[in-house]
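Asker: First the structure, then my questions, so here it is.
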Amino acid sequence: MAEYNHKAIEPKWQKRWEEESVFVAPDKPKAGKKKYVLDMFPYPSGAGLHVGHPEGYTATDIYSRYLRMNGHEVLHPMGWDAFGLPAENYAIKSGVHPKESTEQNIKTFTRQIKSLGFSYDWSREVNTSSPGYYRWTQWLFLQLYHAGLAYKKEAPVNWCPDCQTVLANEQVIDGKCERCGHKVIQKNLEQWFFRITGSDPKGKHGSYPERLLSNLETLDWPDPIKHMQANWIGRSEGAELEFEIKGSSSKIKVFTTRPDTLFGATYMVLAPEHALIRELKGQIENWDEVQQYVKAASSKSQLERTDLAKEKTGVELKGVRAVNPGNNEEIPVWIADYVLSSYGTGAIMAVPGHDERDFEFAKKFKLPVMQVVDSGEDLPSISSGKVVNSGKFDGQDSEEAKWKITDAVKGRRTIQYKLRDWLISRQRYWGAPIPIIYCETCGEQPVKEEDLPVTLPDDVDFLPKGESPLSRSKSFHNVKCPNCESPARRESDTMDTFVDSSWYFLRYTDPKNQEEFADKKKIKAWMPVDTYVGGAEHAVMHLLYSRFITMALHDLGHLGFPEPFLKLRNQGLILGPDGQKMSKSRGNVINPDEVIENFGADCMRMYEMFMGPLEDAKPWDTNGIVGVARFLERAWNVHAFVDTEYLNQEQELIVGRELARTVKKAEDDIQSFNFNTAVSAFMIFINAVYKVERISTHHWETFLKALNPFAPHITNELWEMLGHKEVIEKEKWPEVDVLLLAQDEVMYAVQVNGKLRGNAMVSTSASEGDVTKKALALANVAKHVEGREIAKAVFVKGKLINFVVK
RNA sequence: GCCGGCGUGGUGAAAUUGGCAGACACGCUAGGUUUAGGACCUAGUGCCGCAAGGCAUAGAGGUUCGAGUCCUCUCGCCGGCACCA
């Protein structure tokens, strides 16, 4: 018999699957039999495939193959999240056009992914940087635009004055430009946003934050991910209260989650950006000082403002006094950058007796501190503070007092979210152009749908020169107004790549459609995604944005479901052999090509599954993979033991039983995504076969079918060696012989006072009395029970008996 | 700081969810076999002890007939958020 040679076997079967279109998904799956199993599509980076990628891909591949063997029709596609900053940076450095480098990278990724034998339907491949795809990303923008869910406003960007360019947050290191080291400043630009904090434009379904939060309950997602999304949305209930300003008609509106502490409010704080400051100019006695503070705060980057947060700063608005609506007391008004303009109303009532930050501020500026009694909380211990009661609301619990006080001062119950609108403008070249035209006479005009796509021009230089690269392409930039035909200019910003990836799962259902983003019937046939697998690093952004886009398309009548991903599972990081994150600079990167070259795709797949639980971070062990390699070698050599008959019945029973257990375990583990223990079950089976050195053809076939989703190449080859002409993928998942799983005898653990003293083998149907008798007959048990009184016995059927003695 | 998660042999990890801790692998030890190639086979391998036995799931308490699993506190590591009123 030939030796196991993965290099000869693997390409052979990969070619066969492709030629016979074994994994092509139909457009019309049988009713109730569809499964959409999706991987997070990769960014095709220049570094090539990382060993981390195949981990999730193998998991979904095993699952997809298992589902197909159980009569499901499976949509299992792959594609490329191909726009993005690295390709553009590479172009700046090397002069290679992003289109070229991206194409090259996709080629490499395709080769590497195909070499692992995954059962993707390659006929549905998508690429977000192709005009055929981003045309529909632009279409999506227009839908949101027309529905009022896309709008423009001024927002700060990180700006490097030296490079004359906008920087992404990850390009800012310690407040400095990663390229030139120059200090990064904040600069305001007009930018596009998606209104994720808004509501269904048709008014039927309510607010997005609310739904994004409450729908989480309906999803089969890991709890930590749901938690992170909930925190990100950051819902809090509270009240909006108004404070009058002495000598002015203006009022200060504040949001508070603790209206019950109103009587403890001893001063107010406005964010430095608050509009009231300008309004009250005439009243403010120290205007110069105030102006200076406002200016200083605005030039600080967000990073600085939070970094330098250790010491609180602020300035009092001298001459401005607010009136506490609870007790009509006059209190001072301050400005300070620890109050954010982006949250709540941009102003707070400060209650230093109940809030640590306010307390810190009050301490520094020697402001009075008061606590409200009966607030039902552990109060921070303060030395100089006074205690005040909450007037007529004294004695009520704080939840009740909250709303009574709110009503008494004519406040309004309200809900605030931390979630902010999604900034989608990027001052970059390598992304989908935003389909908007600015006309001098008609103003802002959306590109007409029939004029899409707005194609990315090729003749652009990427060197940073102070404006978006696209604005320097005259052919792109100068256009006619779609409305009045007079000279106009195109929007030169491109979209955040998260927009590209927030709808790609829809495109897979109909990737070549030129009339629509996807055919309604095809979407209905396949969506929503049944199982989605990817890294936990996308816990918030990608998953939240995809949910929002799906929800918005649903509200606008394009989709029949509000949630895109029913079940989500995360894969953990694969670390270097040193237990550190893999990186070039550490020199601990494992190259998948080399692993496949040395051990083969089947071995790589199985080892990645065997390493440990899918969601855990696990170090790559260069020696550990040898165990799986040996297993495959041994499985290969079992072929020599195959015979139609066993030598005796005992042999047949041993192998049959072990096989039934293995298939059952593999099935359970695939369904629950515990792939590591499924691999060990296969190993146990092969070890058992080596003990008897014989297996029937039928049993061997059953085993090969169960192993196929994990190691598709070797199982096909061994299957063919048994004389089969068709690929093994055409087979059904083997049924487990339940009778073989049934045992006629069980082993009971016998404990005395909770300590194991022996084991008793009894028949499965034995009663408690039978077990007791047999257990007490054990010498070691008798020894520990002798001369003492058995107070009671705890009997767990089929497991154990525990004698409690005095 | 806040919110989550995790902590089991020399190593990666199992443990039917409160019921015999350490399955399956790596490594190591011994023997066999082959000796050219990350080789193969058999046996052993948590710690202490000659043994009987005792001790062991980060540490300390608790609940329970029984705890890796539940509760409380402490320590350590990882992830997310970061002045969110």
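The values are calculated or read from the model by the stated rules, or taken from the named source; none is laboratory data. Note that the structure is predicted; figures quoted are calculated from it, not measured. Glycine gets a Cβ as well: all are built from the backbone with ideal geometry, and neighbour counts include every protein chain shown. What goes into the accessible areas is simple: the full protein's heavy atoms, side chains included, and nothing from ligands, DNA or RNA. Shrake-Rupley method; radii C 1.70, N 1.55, O 1.52, S 1.80 Å.
Asker: Can you say whether A:Ala640 is near RNA strand B (Cβ under 10 Å from one of its atoms) and either in a helix (DSSP H, G or I) or open to solvent by 10 Å² or more (accessible area, probe 1.4 Å) (or both), as far as the supplied structure shows?
Answerer: No: the conditions fail for A:Ala640.
Asker: Which number in (1) near RNA strand B (Cβ under 8 Å from one of its atoms); (2) within 23 Å of A:Asn158 (Cα to Cα) marks the one condition that A:Ala347 misses?
Answerer: Looking at each condition in turn, A:Ala347 falls short on (2).
Asker: Tell me which of these A:Asp616 doesn't satisfy, since it passes every other one: (1) within 24 Å of A:Phe675 (Cα to Cα); (2) within 14 Å of RNA strand B (Cβ to nearest atom); (3) surrounded by 20 or more Cβ atoms within 10 Å (Cβ to Cβ).
Answerer: (3)
Asker: With respect to A:Ile670, determine if the residue is within 14 Å of RNA strand B (Cβ to nearest atom) and in a helix (DSSP H, G or I).
Answerer: Considered against the rule, which asks whether it is within 14 Å of RNA strand B (Cβ to nearest atom) and in a helix (DSSP H, G or I), A:Ile670 comes out as yes.
Asker: Residues of segment A:591-607 being open to solvent by 50 Å² or more (accessible area, probe 1.4 Å) and either within 9 Å of RNA strand B (Cβ to nearest atom) or assigned to a helix (DSSP H, G or I) (or both), which ones?
Answerer: Of everything in segment A:591-607, those that are open to solvent by 50 Å² or more (accessible area, probe 1.4 Å) and either within 9 Å of RNA strand B (Cβ to nearest atom) or assigned to a helix (DSSP H, G or I) (or both) turn out to be A:Glu594, A:Glu597, A:Asn598, A:Phe599.
Listed here are the residues, each with its yes/no results for (1) exposed (fewer than 14 other Cβ atoms within 10 Å of the Cβ); (2) modelled with pLDDT of 95 or more.
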residue	(1), (2)
A:Cys163	no, no
A:Leu167	no, no
A:Glu170	yes, no
A:Ile173	yes, no
A:His182	yes, no
A:Val254	no, yes
A:Arg258	no, no
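Asker: Can you name the number of the only condition in (1) modelled with pLDDT under 95; (2) touching a helix residue (DSSP H, G or I) at 6+ places or on another chain (Cβ under 6 Å); (3) crowded, with 19+ Cβ neighbours inside 10 Å that A:Lys35 fails?
Answerer: With respect to (1) modelled with pLDDT under 95; (2) touching a helix residue (DSSP H, G or I) at 6+ places or on another chain (Cβ under 6 Å); (3) crowded, with 19+ Cβ neighbours inside 10 Å, A:Lys35 is out only on (1).
Asker: Taking A:Arg65 as the residue in question, decide whether it is assigned to a helix (DSSP H, G or I), basic (Lys, Arg) and in contact with a Pro (Cβ under 6 Å, 6 or more places away or on another chain).
Answerer: Yes; evaluated as a whole, the condition is true for this residue.
Asker: Separate question: Give the number of residues within segment A:1-24 that are in a helix (DSSP H, G or I), at pLDDT below 95 and open to solvent by 80 Å² or more (accessible area, probe 1.4 Å).
Answerer: 1
Asker: To continue, here is another question. List the pairs whose first member sits in segment A:791-806 and is closer than 19 Å to A:Ser763 by Cα and open to solvent by less than 30 Å² (accessible area, probe 1.4 Å), whose second member is near RNA strand B (Cβ under 9 Å from one of its atoms) and hydroxyl-bearing (Ser, Thr, Tyr), and whose Cβ atoms are under 8 Å apart, counting only residues at least 6 apart or on separate chains?
Answerer: Taking only residues 6 or more apart or on different chains, the pairs are A:Ile801/A:Tyr748.
Asker: Now a separate question. So, in segment A:146-167, how many residues would count as being hydrophobic (A, V, I, L, M, F, W, C), within 20 Å of A:Ile549 (Cβ to Cβ) and outside any strand (DSSP E or B)?
Answerer: Within segment A:146-167, residues that are hydrophobic (A, V, I, L, M, F, W, C), within 20 Å of A:Ile549 (Cβ to Cβ) and outside any strand (DSSP E or B) number 2.
Asker: Turning to a different aspect of this structure: Do you know which residues across segment A:223-241 are within 8 Å of RNA strand B (Cβ to nearest atom) and over 22 Å from A:Leu544 (Cα atoms)?
Answerer: Within segment A:223-241, just A:Gly238 meets the criteria.
Conditions tested, residue by residue: (1) open to solvent by 60 Å² or more (accessible area, probe 1.4 Å); (2) within 16 Å of RNA strand B (Cβ to nearest atom); (3) in contact with a Lys or Arg (Cβ under 9 Å, 6 or more places away or on another chain).
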site	(1), (2), (3)
A:Trp403	no, yes, yes
A:Ser425	no, no, yes
A:Arg428	no, no, no
A:Gln445	no, no, no
A:Leu463	yes, no, no
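Asker: State all residues of segment A:104-120 that are part of a helix (DSSP H, G or I) and crowded, with 16+ Cβ neighbours inside 10 Å; if no residue qualifies, say none.
Answerer: A:Asn105, A:Ile106, A:Thr108, A:Phe109, A:Thr110, A:Gln112, A:Ile113, A:Lys114
Asker: Then there's this: Can you tell me which residue within segment A:649-673, out of those that are open to solvent by 70 Å² or more (accessible area, probe 1.4 Å) and more than 38 Å from the chain's Cα centre (by Cα), is nearest to A:Thr58 (Cα to Cα)?
Answerer: Selected residue: A:Ile654.
Asker: Additional query: Conditions: (1) away from RNA strand B (no atom under 11 Å from the Cβ); (2) farther than 30 Å from A:Lys404 by Cα; (3) buried (at least 17 other Cβ atoms within 10 Å of the Cβ). A:Lys364 meets all but one. Number of the miss?
Answerer: Of everything listed in (1) away from RNA strand B (no atom under 11 Å from the Cβ); (2) farther than 30 Å from A:Lys404 by Cα; (3) buried (at least 17 other Cβ atoms within 10 Å of the Cβ), A:Lys364 misses just condition (3).
Asker: Restricting attention to segment A:242-288, report how many residues are within 17 Å of A:Ala408 (Cα to Cα) and within 10 Å of RNA strand B (Cβ to nearest atom).
Answerer: 8
Asker: Which helices (runs of 4 or more DSSP H) sit wholly inside segment A:693-806 and have at least 1 residues that are within 13 Å of RNA strand B (Cβ to nearest atom)?
Answerer: Of the helices (runs of 4 or more DSSP H) lying wholly inside segment A:693-806, those with at least 1 residues that are within 13 Å of RNA strand B (Cβ to nearest atom) span A:738-741, A:768-776, A:779-785.
Asker: If I filter segment A:619-632 down to residues being part of a helix (DSSP H, G or I) and near RNA strand B (Cβ under 6 Å from one of its atoms), which single residue comes out as most open to solvent (accessible area, probe 1.4 Å)?
Answerer: Filtering segment A:619-632 for residues that are part of a helix (DSSP H, G or I) and near RNA strand B (Cβ under 6 Å from one of its atoms), the one most open to solvent (accessible area, probe 1.4 Å) comes out as A:Arg630.
Asker: Considering only residues that are among the charged types (D, E, K, R) and more than 25 Å from the chain's Cα centre (by Cα), look in segment A:585-613 and name the one that is modelled with the lowest pLDDT.
Answerer: A:Arg586
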